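Accompanying notes for the structure given below.
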């Protein structure tokens, strides 16, 4: 859960949550999430307890394989359920505009709440750059800067940062944007892909 979601669900401000974390001697909300995950909610390998795809040191390799597969299928299915065709169309419109020298940057942030990314997004908006944000949290701080928000699935725990399952949903959205973009002018982009393939053929053994 992002700090924005927690603030809304608990009826307090984000600043109040941050002050609460500071009173506990923590640097902020992310450190609180990590401390809670370590204290009560993690397996001996760091996965969140209680989920069907939780992996522990007691699992056989075959069990690990099946759990990893299940988590990645879940990510794809959840991302598909969250897909908004109108939002994808608007994102493709922005990317097509960038092809005509208008500027558009895609940003990827599962949490939508990282300082470095927010700093860059603020600069981009000041320079009138259109922003496509791919995130898991529809009410995260980063959405305030985005022209279009696309949501990826999978509930990633604090100790799973950068998990393949979470990234798989983002990759699926990239593919959706790619084919949506190519559909606008199929002959041109089919030729471009063919030319690219021919250009790298001599590199293959």
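Select from region 126-155 the residues that are in contact with a strand residue (DSSP E or B) (Cβ under 9 Å, 6 or more places away or on another chain) and more than 18 Å from residue 84 (Cα to Cα) and list them in ascending order.
Those that are in contact with a strand residue (DSSP E or B) (Cβ under 9 Å, 6 or more places away or on another chain) and more than 18 Å from residue 84 (Cα to Cα): 129, 130, 142, 145, 155.
If you take the residues of region 57-73 that are part of a loop (DSSP other than H, G, I, E, B) and loosely packed, with under 14 Cβ neighbours inside 10 Å, which of them is nearest to the chain's Cα centre (by Cα)?
Only one residue fits best here, namely 57.
I'd like the full set of residues that are surrounded by 13 or more Cβ atoms within 10 Å (Cβ to Cβ) and part of a helix (DSSP H, G or I), limited to region 180-193.
If the condition is that a residue be surrounded by 13 or more Cβ atoms within 10 Å (Cβ to Cβ) and part of a helix (DSSP H, G or I), then 180, 181, 182, 189 are the ones that fit.
Being more than 12 Å from the chain's Cα centre (by Cα) and in contact (Cβ under 8 Å) with a residue 12 or more places away in the chain is the filter here; which residues of region 144-171 pass it?
Within region 144-171, 145, 146, 147, 148, 157, 158, 159, 160 meet the criteria.
Out of (1) more than 13 Å from the chain's Cα centre (by Cα); (2) within 21 Å of residue 93 (Cα to Cα), the odd one out for residue 141 is which?
(2)
Residues to consider are 149, 88; find the one that is in contact with a helix residue (DSSP H, G or I) (Cβ under 6 Å, 6 or more places away or on another chain), at pLDDT 90 or above, surrounded by 15 or more Cβ atoms within 10 Å (Cβ to Cβ) and within 27 Å of residue 13 (Cβ to Cβ).
Step by step, each of 149, 88 is checked, and only 149 is in contact with a helix residue (DSSP H, G or I) (Cβ under 6 Å, 6 or more places away or on another chain), at pLDDT 90 or above, surrounded by 15 or more Cβ atoms within 10 Å (Cβ to Cβ) and within 27 Å of residue 13 (Cβ to Cβ).
The values are calculated or read from the model by the stated rules, or taken from the named source; none is laboratory data. No experiment lies behind these values; they were computed from the predicted model shown. When we count neighbours, we look across all protein chains shown, and the Cβ atoms used for this are built from the backbone with ideal geometry, even at glycine.
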